[in-house]
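Since every read-out is calculated from the coordinates, none of them should be taken as a lab result. Keep in mind the model is a prediction, meaning the values are calculated, not measured. Please note: Cβ atoms are built from the backbone with ideal geometry, for glycine as well, and neighbour counts cover all protein chains shown.
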Amino acid sequence: MILVKGKVVECVGDEMMAIIWEKIKYKLILPYVDFGKNLEVFDLTLENRVIYGDEIVLDAAKAIKEAGVGIKCATITPDEKKCEEIGKVLRSPNHIIREYLGGIILREPVICENIPKIIKSWVNPIYIARHAYAGNKDVHEMCIEGKGQLKLSFVDEISGVQTEKIIAEETKDGVIGATFIEEYAIRAFARGSMEFAVEKCLPLFLSTKSTILKNYDGLYQRVFQEVYENEFKSRFEERGIFYNFILIDAMVAKAMKSKGGFVWAMKNYDGDVQSDFVSQGFGSLGLTSSYLMTDDKKVIQTEACHGTVKNHFKKYLRGEPTSTNPIASIFAWTKALAHRGQLDKNEELVKFTEIVEKVCIATIESGCMTKDLAAALKNNEFESMTENDYLTTFEFLDKIAQNLRSCMILPKMNI
Ligand SMILES: NC(=O)C1=CN([C@@H]2O[C@H](COP(=O)(O)OP(=O)(O)OC[C@H]3O[C@@H](n4cnc5c(N)ncnc54)[C@H](OP(=O)(O)O)[C@@H]3O)[C@@H](O)[C@H]2O)C=CC1
Ligand SMILES: O=C(O)CCC(=O)C(=O)O
Ligand SMILES: [Mn+2]
């Protein structure tokens, strides 16, 4: 057994991914890894959040910060209807954790040679560097009833001077939203994105809509340029890579016709939307790994890029076979344990995570896969697919477990 020497925080989640999460843990991790007392589990299922509120998520975030390593299963973010049903307004657990930890979310596709990309020109990976908080996903909302003037105001803590801006002389019955970002946070995001581009030795693009949001998005553009000129230019040039700002709409088109092979930095909301687009373009949402890294690089929280896959869970509840891809969630475990291993100089643990990742890719490349990937092989023409084309969720997980077992018994086997 491989001993884990430092603390790992595990956050349990919801629906289809919760079912898969448990299988990953018990079939792929625990047979080889001994956490001793080093695994702290937080139950972030919706049921538990209904009982304990969002505070339990904040507790998990604090524990992750202290441990330096967190692994999170996808969780339900209840919409308005669901909040009514449960009688409680609960926030997104991801949002709470990201707001607390801050930092950057890095997303990358798991490349399997036999899985064709939907966007055929993408021969190289596209990495997303997403600001983990603020922006459109962090809007403070307020519903207004009646008619009146709307203004923004800021009161200086020291001088007490109030700066005001009238948003609308007269508005009525609707909703308003306000968001903000501090310059230091953008600076840290710029540094994180640039470090990542240097590490990957790939060009970096930042895209925002700074022609419209001249101040908000403009600040991202200005800070990135400044950080690049003052801190990164020579390191980029030594590696033959570059940094460029491109307006987000034009960048979407440029990305689509590119060959891939770049890091794409975006604000929180833009990065969320484009992650699903890029993931699907590379074959499936189930093939994108994701982790949050704090600005000081001390803490990592891993996850899959996708959600709880509600559609598939409904089928599972009806007793129908499902074929849900576990790869991104398996990589959440491996990326987190690899970080733990690096922190503790635990080479055995790091090696184990490399083996698990290789086994996953080798299993898919041997032709065993879930329906999303089999569909990619068939140009997503679902009508022409039969059950013989793919494995069910549990058959696929068993196949990976079986392949992992042979590799762990014969560690020198070249997979
Ligand atoms: N990190 C997190 O915790 C996240 C949580 N969420 C939450 O998850 C819940 C469900 O959200 P939903 O909109 O369904 O988004 P999902 O990302 O869970 O799924 C959307 C669709 O993408 C496909 N898909 C996603 N992941 C996989 C996979 N691993 N294998 C195969 N296909 C996959 C499925 O398509 P098809 O049905 O065509 O097979 C699925 O219906 C919501 O409560 C949402 O708030 C959402 C995103 C992130
Ligand atoms: O927190 C949520 O509700 C969604 C998160 C999400 O979509 C993401 O992290 O990509
Ligand atoms: Mn998303």
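For the pair Arg405 and Lys117 in one chain, pulling the backbone fully straight at 0.36 nm per residue adds 100.7 nm over the alpha carbon distance. Compare Ile104, Ile327, Ile181 in a GNM of the chain, Cα atoms joined below 10 Å, and give the one with the largest fluctuation. The residue with the greatest mean-square fluctuation here is Ile181. Please report the antiparallel percentage of the DSSP beta bridges confined to the chain, to the nearest 5. Within the chain, antiparallel bridges account for around 55 percent of the total.
Amide hydrogen proximity for Phe242: with H placed 1.01 Å from N in the peptide plane, the residues at 5 or more positions away or on another chain lying under 5 Å are Leu204. Taking each DSSP H run with n ≥ 4 as -39500 (n - 2.57) and averaging over every residue of the chain yields -13000 deg cm²/dmol at 222 nm. Sequence-distant contacts, meaning Cα pairs under 8 Å at least 6 residues apart, place the relative contact order of the range 224-336 at 20 percent.
With all pairs of separate Cα atoms included, the chain yields a Kirkwood hydrodynamic radius of 23.0 Å.
For the chain, modelled as a Gaussian network with Cα springs under 10 Å, which listed residue fluctuates most, Leu106, Leu58, Leu317? In the Gaussian network model the winner is Leu317.
Put a dot 7 Å past the Cα of Lys259, heading toward its Cβ, do the same for Ile167, and the two dots end up 4.7 nm apart. Amide H contacts under 5 Å for Phe42: Glu10, Cys11, Val12, restricted to partners 5 or more places along the chain or on a different chain, H placed in the peptide plane at 1.01 Å from N. Computed on the chain, with alpha-carbon pairs under 8 angstrom and 6+ residues apart, the relative contact order is 21 percent. Sparse packing (at most 12 other Cβ atoms within 10 Å of the Cβ) combined with a DSSP loop state is found for the following trypsin sites (Lys or Arg not before Pro) in the range 1-80: Lys37.
Counting only the backbone N, which residues of the range 110-139 are under 16 Å from the spot 7 Å out from the Cα of Ala362 toward its beta-carbon? Hits in the range 110-139 for Ala362 at 16 Å: 112-114. The phi torsions of the range 69-82, fed into the Karplus equation with coefficients 6.51, -1.76 and 1.60 and a -60° offset, translate into couplings of 9, x, 10, 10, 7, 4, 10, 6, 9, x, 7, 4, 5, 5 Hz, rounded to whole numbers, with Gly and Pro shown as x.
Report, in degrees rounded to the nearest 10, the 0 to 90 angle that the Cα long axis of helix 216-227 makes with the longest principal axis of the chain. It works out to around 70 degrees. Taking Val110, Val41, Val69 in turn, the Gaussian network model of the chain (Cα-Cα springs below 10 Å) assigns the largest fluctuation to Val41. Evaluating 6.51 cos²θ - 1.76 cosθ + 1.60 at θ = phi - 60° for every residue in the range 148-157, the Karplus couplings come out as x, 8, 10, 9, 9, 9, 10, 10, 5, 4 Hz, glycine and proline recorded as x.
State the Cα centre-to-centre distance between the range 2-27 and the range 330-345 in whole Å. The range 2-27 and the range 330-345 have Cα centres spaced 13 Å from each other.
Computed from the C-beta positions of Met142 and Lys378, the FRET efficiency with R₀ = 41 Å rounds to 0.25. Using the Cβ-Cβ distance between Glu183 and Glu85 with R0 set to 45 Å, the FRET efficiency works out to roughly 0.65.
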